[in-house]
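No value in this document is a laboratory result; all are computed from the given coordinates. For clarity, every value in this text was computed on a predicted model and none was experimentally measured. Methodologically, a virtual Cβ is constructed for each residue, glycine included, from the backbone with ideal geometry; neighbour enumeration extends over all protein chains shown.
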Amino acid sequence: MELDEVNFFKPEVNKCPYDAYGVLREEAPVWQDPLTGFFVVTRYDDVRAIIFDTENFVNGARSRGRVATPAMAERQKKIAELYETKGWTPAPTLAGRDDPNHKQMRALFDHAFRPSKIKMMDEFVESLAHRLIDDFIAAGTCDWVKQFAVPLPLIVIGKQMGAKEEDIWKIKAWTDAWVQRLGMMQTDEEAIWSTEMEIEAQHYFQPIFERLRKEPDDTLLSDLVNTVIPEWGRTLNDNELHAEMMADTFVGGSETSTNALSAGVKLLIERPEVWSALKSDPEKYLPQLVEEVLRLEGPVQGLFRTAANDVELHGVKIPAGSTINIRYASANRDERHFECPADLDLDRSNTKTHLAFGAGTHFCLGAPLARRELFLGFKALVERVDRMWFLEHADGTPLNNFDIAPNFALRALKELHIGFVPAS
Ligand code: HEM
């Protein structure tokens with residue numbers, strides 16, 4: 001691929017962005033995308049440096065937003081009116097704030113997601129993984145995405161957010177709509193539709209907040225609803241809670257783990273030697289598998305920062321107010337940091353330095369939970385399945401097209417049809 005062919009909105013680049021990342025890392029490590037105006041940063045050291053430089057690169061109030069064109073501004077106005085008249089205007093999320101305000105709110109979340117609480121969820125996650133496999137094991141085939149990778153994290157986070165298990169597909173439709181908006185590839189109609197979907201979700205969650213205020217329980221949401229932030233002298237209000245439900249807990253907590261669970265199985269089928277190693281000693285290799293999957297197929301390909309000041313990087317002048325697109329998934333395949341980066345190496349020594357969860361002050365809140373979901377999800381698969389393959393049509397043509405949902409920020413396999421021999 002040539003530099004002038006790099007275009008993240010092209011379906012083939014969306015499907016496999018890794019060549020494009022390679023070209024950018026080599027030829028234009030700070031590349032101003034002509035379509036969005038964003039400064040795309042792709043090398044490991046640069047991505048890491050930006051994440052830690054919270055003086056020059058910010059997320060919150062000092063950021064001027066990402067409205068690139070008048071048409072986009074008009075769309076934003078319509079969306080704002082919808083929230084005001086029909087629902088709750090989402091307040092800035094955790095990820096959309098800067099310290100010290102961010103740190104004050106993050107302490108509340110860190111308390112809710114404390115290690116002892118995550119550990120208590122292990123038993124449920126593991127038994128859920130087996131329950132989901134029970135449903136398709138006898139058939140010898142499944143769509144791994146729909147039958148395992150989507151429901152596992154969604155049911156786990158749903159339970160912690162006061163939702164009923166039978167509602168997960170309704171919630172999935174809301175999170176899909178939200179993710180489509182984040183993906184920045186929507187028409188005006190789609191943007192309005194996805195806002196209306198979010199408002200529908202708000203009306204589902206509002207009574208749950210009200211119930212938990214009256215009757216606290218042991219869920220994560222109950223802590224989020226009822227814990228006072230000392231510096232603010234109050235608990236989160238409805239607008240703050242609604243923002244967190246969609247962006248940080250349901251989307252942050254399900255879409256991402258889903259995509260790692262899906263990508264992991266695809267990688268395992270493509271690499272039978274890795275599967276054999278895993279079968280031979282799951283306890284030894286599973287933790288490393290989890291990290292390598294996250295490194296190679298990061299569910300969050302890239303997110304954003306805003307330049308708070310004029311800065312210069314690799315000779316490129318980035319004016320204050322510019323949007324920086326930091327591509328974690330490219331950093332994670334940077335040959336300057338990882339040897340033979342495209343290999344899934346169960347003995348790689350520096351795997352855990354990957355940036356799939358970001359780093360620094362905004363380091364992923366849900367990383368410990370996601371790691372347990374991936375570990376226990378893959379563990380159940382190793383225990384229940386001996387061999388697996390990609391399904392084909394009767395005429396021998398492949399059933400999988402490995403399509404990736406169009407999205408500038410996230411990476412999601414739409415479906416993954418596999419056949420398998422159950423473990424004896
Ligand atoms: C494989 C799964 C996951 C991946 C790859 C992932 C990735 C990320 C990344 C890249 C960031 C941004 C870091 C930055 O801005 O530099 C982030 C932040 C965040 N994630 Fe995750 N995440 C995952 C799972 C989860 C889960 C399970 C939850 C919650 C249940 C969650 C909640 C959050 C929240 C709340 C933030 C914002 C933190 C802050 O700004 O302080 N994530 N995640």
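If you plug the beta carbon distance of N350 and A49 into 1/(1 + (r/R0)^6) with R0 = 22 Å, you get a FRET efficiency near 0.80.
Most tightly packed first, judged by the mean number of other beta-carbon atoms within 10 Å of their residues, the peptides 245-254, 72-81, 193-202 read 245-254, 193-202, 72-81. In the stretch 365-407, a dipole from Cβ-located charges (positive for Lys and Arg, negative for Asp and Glu) runs towards its positive end, and of M388, P406, L376 it is L376 whose Cα lies farthest in that direction. Each of E210 and D134 was given a label point 7 Å from its Cα along the Cα-to-Cβ line. The distance between the two points is 3.7 nm. Model label sites at Q32 and D99, defined 7 Å from Cα along the beta-carbon direction, differ in position by 3.1 nm. The residue list Q180, P230, Y21 was ranked by how far each Cα lies along the charge dipole of the chain toward its positive end, using unit charges on Cβ atoms, and P230 comes out on top. The calculated FRET efficiency for T235 paired with K317, based on their beta-carbon distance and R0 = 51 Å, is about 0.70.
Most tightly packed first, judged by the mean number of other beta-carbon atoms within 10 Å of their residues, the peptides 147-156, 282-291 read 147-156, 282-291. For a label point 7 angstrom out from the Cα of T141 toward its Cβ, which stretches of the stretch 373-388 have the backbone nitrogen within less than 20 Å? What the label zone holds, given the 20 Å backbone N cut-off, is 385-388. Projecting label points 7 angstrom from Cα along Cα→Cβ for K15 and F402 puts them 0.9 nm apart. Only helical runs count toward this figure. For the chain, summing -39,500 (n - 2.57) over DSSP H runs of n ≥ 4 and dividing by all residues gives -14500 deg cm²/dmol at 222 nm. If you put +1 on each Lys and Arg Cβ and -1 on each Asp and Glu Cβ, how big is the dipole of the chain around its Cα centre, in Debye rounded to 20? Here the chain has a charge dipole of around 800 debye. Under 5 Å between amide hydrogens, built in the peptide plane, is the criterion, and for R271 it picks out nothing among residues at least 5 positions away or on other chains.
Projecting the Cα atoms of P422, V58, A331 onto the charge dipole of the chain (Cβ charges, centred on the Cα centre) puts V58 farthest toward the positive pole. For K317, give me every one of the lysines with a C-alpha distance below 21 angstrom, ignoring sequence neighbours fewer than eight places off in its own chain. Qualifying lysines at Cα under 21 Å: none.
Could you tell me which of the pairs K10/K77; K119/K159; K146/K414; K170/K379; K172/K266; K117/K159 are separated by over 18 angstrom between their Cα atoms in the structure shown? Long pairs (Cα-Cα over 18 Å): K10/K77; K170/K379; K172/K266.
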